[in-house]
1. Just the residues that are modelled with pLDDT of 75 or more, in contact with a Gly (Cβ under 9 Å, 6 or more places away or on another chain) and either within 21 Å of Val88 (Cβ to Cβ) or surrounded by 13 or more Cβ atoms within 10 Å (Cβ to Cβ) (or both), please, taken from the stretch 1-48.
2. What's the total number of residues in the stretch 196-223 that are over 22 Å from Gly157 (Cβ atoms) and either crowded, with 18+ Cβ neighbours inside 10 Å or in contact with a Ser or Thr (Cβ under 6 Å, 6 or more places away or on another chain) (or both)?
3. Taking only pairs six or more apart or across chains, which ones have beta-carbon atoms under 9 Å, a first residue in the stretch 278-295 that is of a type in the set (D, E, K, R), and a second residue that is part of a loop (DSSP other than H, G, I, E, B)?
4. Only residues in the stretch 97-112 that are more than 30 Å from Ile295 (Cα to Cα) and in contact (Cβ under 8 Å) with a residue 24 or more places away in the chain count as the first member; pair them with residues that are of a type in the set (Val, Ile, Thr) and in a helix (DSSP H, G or I), Cβ under 6 angstrom, at least 6 apart or cross-chain, and list the lot.
5. How many residues are of a type in the set (S, T, N, Q) and in contact (Cβ under 8 Å) with a residue 24 or more places away in the chain when one looks only at the stretch 201-230?
6. Take the stretch 173-185 and flag every residue that is touching a helix residue (DSSP H, G or I) at 6+ places or on another chain (Cβ under 8 Å) and either buried (at least 24 other Cβ atoms within 10 Å of the Cβ) or not in a helix (DSSP H, G or I) (or both).
7. In the stretch 186-205, which residues are in a helix (DSSP H, G or I) and of a type in the set (Gly, Ala, Ser)?
8. Look through the stretch 320-358, keep the residues that are hydroxyl-bearing (Ser, Thr, Tyr) and in contact (Cβ under 8 Å) with a residue 40 or more places away in the chain, and return whichever of them is surrounded by the most Cβ atoms within 10 Å (Cβ to Cβ).
Amino acid sequence: MTSTEYHTHRENRGLHEPFLARAADTSARELANNGLGAFLALRLMDQFAVDQGKIHREATDYQITATAEFLNDIYPCTPEVTHLRELVRVAATAIAEDDRRLLFPPLLAFAYWLEQELRLEEALDVLSTALRLSDGRDGEEEVAAHLNHARVLRLHGDFDGARTSYQRSGQIAARLGDDHSVLLSRIGYSVVLQRAGNLQESERVLREVVREAQRLGDADAEARACHDLGGTLYFGGRPREAIPLLYHAYELHQSPLRQAQALSDTGSLLMEIGCYEAAHHAFRVVLSSHPPRAIRINTVLEQLELSALVGDRVSFERWRQELANERERLTPEQQVDLELKSGCGFALFGQTGRGERHLNAAVKLAEQHGMGERIFHTEEKLKELGERQTADSRGLTLPSEMPKDEPGLEDTLLRLEALAADVIG
């Protein structure tokens, strides 16, 4: 879905179609009840939207009571239902205090939970609902909503929409004097550049952000910038430079979720340069932390590739089956990665024809979603496969051994080994 199509779709307000679709699914009663509960809660949120005009207290009070009763009857009380009940509770307070802005935090929290569950259409719906609460002032709520909106649009493959939302959040944050959020908007913008294939500009922006974050003593922004700079360097063919940055981000991050993501990415790059045992350590630590679905899937994608590289066909098929079961909920980027890693894996096991079909599917998906870097990377794998399949039945070349004198790498490996020993024994 393009940015224009998405925003046109959102103009059809109040329908909350992703939740209605779930409510109509009779194959799973729990999911249907949760979907209907979410629809009712969001219809309640619509009563607070600025474009609805003055809140009609009597009607809204009745809607609050009816929605609360429905949600209280849902069993079991899942994390989603807990979020929905909080929305209704805060709605009652917002009516009493005549302050619709109180609804921003629970809406953003619900959207973030949906994002971690890879329910991106639903997360976008909730974020659009939150943005309709804006009363024209520049507030931290607007900054947070635009940042979250931009991130989910980016995950959804809508780079134009994400770029616009990042710019909007940065403008508001600058007027508020919120240096941290300005840096976050620049980091997000750099990731859009990265995903679109403009790696040189992405690196320039991120290095500037790292320096500014260090000057301000903003460890969170520094961690995020180091994390994404590592990704940009990797996509530019410089994994050895990226690994210390990613592990440094892991050490700086305060959020367990961000720590898990940084460590998973560190493992991916270690695998890229042939440090399979270290990569395995990193992935095991991540999975032992029981991360949210999005991070688990990304880590399992890496385990899929690692199992192929070490010739473990049983594990390869096990990880591939887990991902196949989640396919409908994968982001566009994860779908591309699944096809790419499956293709490379089959080639490594000598099934070059099957591998080529998966790689071609990856190129098609990357083109569909405008992922310039992924297109280039996958086409390189196809080229390599074509050049080698007559000379080498394994199809693809294994990564070379890591030079032992690389600055920063040896220290990173030692720290990771100590971490794995402490966490998983």
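The values are calculated or read from the model by the stated rules, or taken from the named source; none is laboratory data. Just so we're clear, the structure is a prediction, and the values are computed from it rather than from any experiment. No Cβ is skipped: glycine too gets one built from the backbone with ideal geometry, and neighbour counts run over all protein chains shown.
1. Answer for the stretch 1-48, where residues must be modelled with pLDDT of 75 or more, in contact with a Gly (Cβ under 9 Å, 6 or more places away or on another chain) and either within 21 Å of Val88 (Cβ to Cβ) or surrounded by 13 or more Cβ atoms within 10 Å (Cβ to Cβ) (or both): Pro18, Phe19, Leu20, Ala21, Arg22, Ala23, Leu42, Arg43, Asp46.
2. 8
3. What qualifies is Arg293/Glu117; Arg293/Leu118; Arg293/Glu326.
4. none
5. 1
6. Ala173, Asp178, Leu183, Leu184, Ser185, listed by residue number.
7. Of everything in the stretch 186-205, those that are in a helix (DSSP H, G or I) and of a type in the set (Gly, Ala, Ser) turn out to be Gly188, Ser190, Ser202.
8. Per the stated criteria, the residue is Thr352.
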